[in-house]
Each structure stands twice: as structure tokens, then as C-alpha cells.
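The values are calculated or read from the model by the stated rules, or taken from the named source; none is laboratory data. These numbers come from a predicted model, not from an experiment. Note: ideal-geometry Cβ built from the backbone for every residue, glycine included; neighbour counts use all protein chains shown. The accessibility values were calculated without ligands, DNA or RNA, using every heavy atom of the protein model including side chains. Shrake-Rupley method; radii C 1.70, N 1.55, O 1.52, S 1.80 Å.
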Amino acid sequence: MGKFQVISHPLIEHKLSILRRTTTSTKDFRELVNEIAMLMGYEVCRDLPLEDVEIETPITKTIQKQLTGKKLAIVPILRAGIGMVDGLLSLIPAAKVGHIGMYRDEETLTPVEYLVKLPDDIARRQILLVDPMLATGGSAILGVDSLKKRGASHIKFVSLVAAPEGVKALQEAHPDVDIYTAALDEKLNENGYIVPGLGDAGDRLFGTK
């Protein structure tokens, strides 16, 4: 079973509290999503491999550590996942960015894929699949399905808020995928929204209804 981790930090909890409020403006919501994603990135990237390199300081030569050059890709699930990309890129600016677009079928309420745009070498990259909400798990599962169908095997899923139902569904469908979130909330309501949650992340990010 892959790792499941709630990334707890005073700054993350403080910013998430502001993010949840109905009075938070679109501008502030967008900035907070970006900031929380960046703070989470430190923990999500904790296991990136290092190698020894010889460098020269103004004083002497020395052996130090640097990243081995493991290739990464950040893949947001559209549209809300876009809000997390810049925060992660500020930590790993060399990462490539792919996109997976989905919409919810009005009759079945299941996600339907309409766009997949990924780096050509996606199979060789460590992938951070990002979406602010892990609710029912349907979009996350379809996102991982899309990546695996194209040869990807090293996948981490990163969300800001998760429901127990979504975590369970993603773990059962893809037990090899590590899951990171800033908060594990109480439950889903009858409409599939996370409680207490933060509403529709896409609408709040882009000021739409």
C-alpha cells in the first residue's frame, strides 16, 4: 500500500483556515492555494534522490549533495489543479507540466476525460498529480488511470483537502500511489462535497459559478 500522509505544519493549517472561509476573496484564495502547495512541496519531495558532487567554495574543495537529476512532472487535473502548479514549480522549476482535463457527466456524475497533454518521456518521470480536492476519488482515479495508460509508474497524488471516502477509493484502485493532503476532513455530504471542506475549488480559484 502506498503512503498516506497528512502534512501538518502551523503555516499550512493557518493558511488552510483562511482558505476555507466564505469571505476569502478570489485573489486571496488563489494566492493561498499557491502558498499551501509550495509548503506541501517540501514534504512531497522529501525522498528525491541525492548524489555526491565535488564543488569548490571560496575556501576549499568539498564533497556535497545535490539532486541526482531525477526528472519530474507536475500534472494538474483541470481546472482546479492549475492553482497548485506555480507553488510547486517555485521549488522544482525544471519540472515539466502536463494537463489532464475532466468534466462531470450530468447524468452519471462520473468524471469524463476530455484532454490529456503530457511530456513525451512521461514514463521516465516522477509525477505529482495535483488537485485541491480529493472528494469521491473519481477524478483522481481517472487521472492515475490516464497516466498509467501512457506508461507512467512513479505517481504521487497531492491535494489540499481530502475526504475519507476519496482516500479509500484511490487506495483501493491504485494501492501503489502515495497520497499527500493538507487536511483529512470529516466526510462527504449527499451532494458529494467535502465537509467542512472549502466549497468548489475551481469556482473559488477563478471567480466563476
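Observations on the model:
- With Cα atoms, 0 to 90° folded angle of helix 164-173 axis to the chain main axis: 60
- Residue-averaged 222 nm ellipticity for the chain, from DSSP H runs of 4+ at -39500 (n - 2.57), nearest 500: -9000 deg cm²/dmol
- GNM result for the chain, Cα springs below 10 Å: residue of ASP145, ASP47, ASP131 fluctuating most strongly: ASP47
- Relative contact order [Cα under 8 Å, 6+ residues apart], the chain, whole percent: 23
- For GLU13, solvent-accessible area (1.4 Å; no DNA, RNA or ligand), Å²: 100
- Cα-Cα over 22 Å, subset of LYS117/LYS149; LYS96/LYS187; LYS71/LYS149; LYS65/LYS148; LYS96/LYS149: LYS96/LYS187; LYS65/LYS148
- Cα-centred dipole magnitude for segment 66-209, charges only on beta-carbon of K, R (+1) and D, E (-1), debye, nearest 20: 720
- Semi-axes of the equivalent ellipsoid for segment 31-153, Cα gyration tensor, largest first, Å: 34, 16, 10
- Test item: Cα-centred dipole of segment 40-81, Lys/Arg +1 and Asp/Glu -1 on Cβ, debye: 260
- Most mobile listed residue (GLN64, GLN126, GLN171) in the chain, GNM with C-alpha springs under 10 Å: GLN64
- Residue-normalised accessible area of the chain, given per residue in Å² at a 1.4 Å probe: 53
- Taking a straight line from the alpha carbon of LYS15, these lysines sit under 18 Å away, with near neighbours fewer than eight places off in the same chain left out: LYS27.
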